[in-house]
Amino acid sequence: MFKRILIPTDGSPLSAQAANAGICFARSVNAEVVALHVTQPFAATIGFDGMAAAYAITDEDYEKASAEQAEKYLKLILDRADTAGVKAQSRAVSNFNVADGIVQAASENGCDLIFIGSHGRSGLSRLLLGSVTAKVLSLAHTAVLVYRVKEDKEKK
């Protein structure tokens, strides 16, 4: 049914939980995985929260740090896929809108499913924090499987 599954990650423990479930799902349907990390361009940090000015970060420093971070997050998924015997590759892209970056990457990489985690927030927290998953659902032209991640209540 599904041949190529896009699994986006932001590097969080909840994202890793969803990625593990996505890899298990890929193995069960004999699909390959495209692991994805979307960063926002340096320009997105300027003026929004003053990060660049406050910490004197240069464009080059930001790009280097973003690339290193993406590589670290994606390696975890690639290693997990390898252990599970699932063929996998990784992509790191930059987009002002993370959800749009996910949808574009799915299209550009020939994915027929986006396997994405959701925190399941509702009400005010969803309004304030937004939901990349909800935005992906509204933008996607391909199937989307939303995996409800389980938060560890003891860590709160």
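Would a scan of the stretch 44-60 turn up a residue that is under 24 Å from Val149 (Cβ atoms) and either open to solvent by 20 Å² or more (accessible area, probe 1.4 Å) or at pLDDT below 95 (or both)?
No: the stretch 44-60 contains no residue that is under 24 Å from Val149 (Cβ atoms) and either open to solvent by 20 Å² or more (accessible area, probe 1.4 Å) or at pLDDT below 95 (or both).
Could you go through the stretch 75-85 and let me know if any residue there is within 14 Å of the chain's Cα centre (by Cα), closer than 21 Å to Ser118 by Cβ, at pLDDT 85 or above and open to solvent by 40 Å² or more (accessible area, probe 1.4 Å).
yes
The values are calculated or read from the model by the stated rules, or taken from the named source; none is laboratory data. Since the model is a prediction, treat every value here as computed from it, not as a measurement. Every residue, glycine as well, gets a Cβ built from its backbone with ideal geometry; the counts of neighbours run over all protein chains shown. Just so you know, the surface numbers come from the protein's heavy atoms only, side chains and all, with ligands and any DNA or RNA stripped out. Shrake-Rupley method; radii C 1.70, N 1.55, O 1.52, S 1.80 Å.
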